[in-house]
Every structure is written in C-alpha cells, then in structure tokens.
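Down below is the structure, laid out as structure tokens.
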Amino acid sequence: QVQLAESGGGVVQPGGSLRLSCAATGNILDSNVLEWYRQAPGKQRELVAGIRSYSGTNYADSVKGRFTISRDNAKNTVYLQMGSLKPEDTAVYYCRVDRIRSGSTYRYDVWGQGTQVTVSS
C-alpha cells in the first residue's frame, strides 16, 4: 500500500536543529509537488515548504532562511532541514506528495501521519 511515513521529530531547545524525513512506500521520481505542512494546537494547518518540479522551491515567510526542503528520488524520501528553531515552530509536521507511483498505477494526494516537533527550553 502506498503511504508516507514521517520521522525525525522530537524536543529541541531554541536555536537548535532537526531534520525531518518523509519516506514513501512507492516511487516519487515523477512526483511533481512535494510539501511539508505544520499544524500547531488551535491553529490551521499551514504550508511550510514545497518543491515543485517546474518552479523550484518555496517557503513560508516565517521559515525562510532557516528551513530547507529537499528530495532524494533514489531513496523515495523528502527532507526538511530545520535550523535556528523557535518556540513558535512547535507543531505537528506533515508531508504531502501530489502523486506516488506503485507499479503502473498512481495514488494521488498522499499525506503522512505527522511527526511532533517541540521547541522548548
């Protein structure tokens, strides 16, 4: 079954770093949109970073210069490198991929289950 699994979350002090991983059980080679979202308690889910095959990367203003999204097609994995973390970065982080290939079929709009990131001293 095609799915996404995030990992790498945890508790980190302000100013620290974490790298989130999102591994697909399927092929992301021809996935065009790969994204990271987050949702803090009591807030709406927001787009943090994205990779689009035809337009490159984009970031929320709140994370520009601190977060970097990347993909490794050989490992079918999307990463989010987070640095200079702030308490307001605390949230559940989700990855999303527009389509994942499994054999000759695709599954569309696939979301992971989320990983908790807590920034606290």
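How much length is gained if the chain between TYR54 and SER70 is pulled fully straight, taking 0.36 nm per residue apart and subtracting their Cα-Cα distance, in nm to one decimal? Numbers along the way, then the final one.
Details: separation 16, 0.36 × 16 = 5.76 nm, distance 1.46 nm.
Difference between extended and current length: 4.3 nm.
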Exercise. Please give the length that would be gained between SER104 and SER84 if that part of the chain were fully extended, namely 0.36 nm times their separation in residues minus their C-alpha to C-alpha distance (nm, one decimal).
Key: 3.0 nm
Practice problem: Using the heavy atoms of the protein chains and a 1.4 angstrom probe, tell me the accessible area per residue for the stretch 15-121 in square angstrom. | Solution: 50
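When the accessible area of the chain is computed with all protein chains present and a 1.4 Å probe, what percentage of it is carbon and sulfur? Could you put the intermediate results ahead of the total?
On the way: 2890 of 6250 Å².
That share works out to 46 percent.
The values are calculated or read from the model by the stated rules, or taken from the named source; none is laboratory data. Quick caveat, the model's predicted, so the values are computed rather than measured. Remember, those area values only see protein heavy atoms, side chains included, never the ligands or the DNA or RNA. Shrake-Rupley method; radii C 1.70, N 1.55, O 1.52, S 1.80 Å.
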